[in-house]
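Take a look at the structure set out below.
The values are calculated or read from the model by the stated rules, or taken from the named source; none is laboratory data. As the structure is a computational prediction, the values presented were derived from the model and not from experiment. Methodologically, a virtual Cβ is constructed for each residue, glycine included, from the backbone with ideal geometry; neighbour enumeration extends over all protein chains shown. Protein only, heavy atoms only, side chains kept; ligands, DNA and RNA dropped before computing areas. Shrake-Rupley method; radii C 1.70, N 1.55, O 1.52, S 1.80 Å.
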Amino acid sequence: MLESRQQNQTQRVALVIQYIGTHFHGWQRQKGQRTVQEEIETAIATVLGYHVTLHGAGRTDSGVHAAAQVAHFQAASLIPAHRWAKVLNGYLPPGILIRASAGVSGSWHARFSAIYRRYRYTIYTEELPNLFAQPFSWHYYYAPLDEALITSALKPLLGKHHLSAFERAGSARSHSWVEVQAVECRRSGSFIHIEIQADGFLYGMVRLLIGMVVQVGSGQRTLDDFTDIWQQERREEVKYSAPAHGLCLLRVGYPDFPFPPKIWYDTQPYLVMGHKS
C-alpha cells in the first residue's frame with residue numbers, strides 16, 4: 001500500500017544550489033573524487049533509501065563556485081517539493097547549501113530548459129594580499145588593469161560566434177558556436193568584476209577568456225590582436241587560464257522558473273574595498 005502511494009507521489013523537484021568550489025573537484029560526479037553532484041545525490045539517497053540522478057544546469061570545473069546552480073531530480077516521495085531544501089541541508093557537508101526547492105513539470109529540465117547561464121569573475125588588484133578576498137578572487141597586482149579596455153575587448157563578443165579559441169582540449173561538444181548575450185566589466189574599489197552571459201559555454205571558456213582580456217587590460221596585448229585571435233580561431237595563442245577560484249556561476253535563466261528572483265538572481269555578494277580618506 002505504501003509503495004503504491006509513493007508511486008502516485010512521483011514528482012520532479014528543482015533545486016537552487018550554492019557551493020564553494022574550492023571544497024570540491026567540480027560539479028560532475030567523478031570516480032574517486034569529491035564532487036558537488038555526488039554529495040547531493042548521497043544526501044537524497046540517505047533520505048529516500050535509494051539512489052536517484054541529479055541533473056545540473058551546467059558543469060563547473062574544480063574550484064569554481066556557484067551562487068545559484070540549478071538542478072533537478074525525480075523521486076517517489078511523500079515529502080512536499082518545497083520542503084526538500086530544508087531536508088537536504090540537514091545532510092549536506094559544509095560548502096554546499098540548497099537555497100530553495102520547488103516542484104516542476106515532468107517536461108522541465110535543469111539543463112535543456114535553460115536559456116542562459118551567467119558567470120562572474122572577480123579580480124583583486126591591490127598589491128598586498130588579503131585573506132578575506134583570497135578564496136573568491138584572482139589576486140592580480142602585476143600591472144594596473146584598465147576596465148575600460150577590458151570592456152572594449154568584450155563587446156565584440158556579443159552575438160553568435162565560433163569561439164573555439166577559448167575551448168580547452170577534451171571537450172565532448174560537437175561545435176563551438178556560442179551566443180553571447182551580455183558582457184559587463186565594472187570596478188568596485190580594489191575589485192574588478194567581469195560578467196558574461198551566454199546560451200551555453202565551451203569547456204574552460206570563461207577562464208581562458210578572462211586570461212586573455214586581462215592581458216588587454218594590462219596593456220600586454222592590443223584590442224585588435226585580441227579580436228583577431230578569437231575571430232580567426234587562433235587557439236594556439238591562448239595559453240593562460242585564469243585561476244578557478246575567481247569564477248562563480250552567478251545564475252541560470254529559464255522562461256518558466258518556479259523561484260522568485262531573490263532566491264537566484266544575484267546572490268553572490270560583490271567584493272568591495274577601497275581606501276578611506
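Summary table
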{"read-out": "Residue within the range 222-236 that is in contact (Cβ under 8 Å) with a residue 60 or more places away in the chain, among the basic types (Lys, Arg) and surrounded by fewer than 22 Cβ atoms within 10 Å (Cβ to Cβ) present", "value": "yes"}
{"read-out": "Residues that are touching a strand residue (DSSP E or B) at 6+ places or on another chain (Cβ under 6 Å) and among the basic types (Lys, Arg), drawn from the range 133-181", "value": "160"}
{"read-out": "Condition check for residue 221: assigned to a strand (DSSP E or B) and either of a type in the set (Lys, Arg) or modelled with pLDDT under 95 (or both)", "value": "no"}
{"read-out": "Single residue of the range 190-216 satisfying the filter (part of a strand (DSSP E or B) and in contact with a Lys or Arg (Cβ under 6 Å, 6 or more places away or on another chain)) that is surrounded by the most Cβ atoms within 10 Å (Cβ to Cβ)", "value": "193"}
{"read-out": "Test for residue 190: is it under 27 Å from residue 271 (Cβ atoms), in contact (Cβ under 8 Å) with a residue 40 or more places away in the chain and among the small types (Gly, Ala, Ser)", "value": "yes"}
{"read-out": "Residue match in the range 45-58 (condition: open to solvent by 10 Å² or more (accessible area, probe 1.4 Å) and touching a residue at least 60 places away in the same chain (Cβ under 8 Å))", "value": "yes"}
{"read-out": "Residue that is part of a loop (DSSP other than H, G, I, E, B), under 24 Å from residue 62 (Cα atoms) and modelled with pLDDT under 95, where the choices are 276, 239", "value": "239"}
{"read-out": "Any chance residue 187 is open to solvent by 10 Å² or more (accessible area, probe 1.4 Å), of a type in the set (D, E, K, R) and either in a loop (DSSP other than H, G, I, E, B) or in the same structural domain as residue 57 (by the TED database) (or both)", "value": "no"}
{"read-out": "Some residue of the range 101-115 being surrounded by 14 or more Cβ atoms within 10 Å (Cβ to Cβ) and closer than 22 Å to residue 22 by Cα", "value": "no"}
{"read-out": "Unmet requirement for residue 256, which otherwise passes all of (1) open to solvent by less than 40 Å² (accessible area, probe 1.4 Å); (2) over 15 Å from the mean Cα position of the chain (by Cα)", "value": "(1)"}
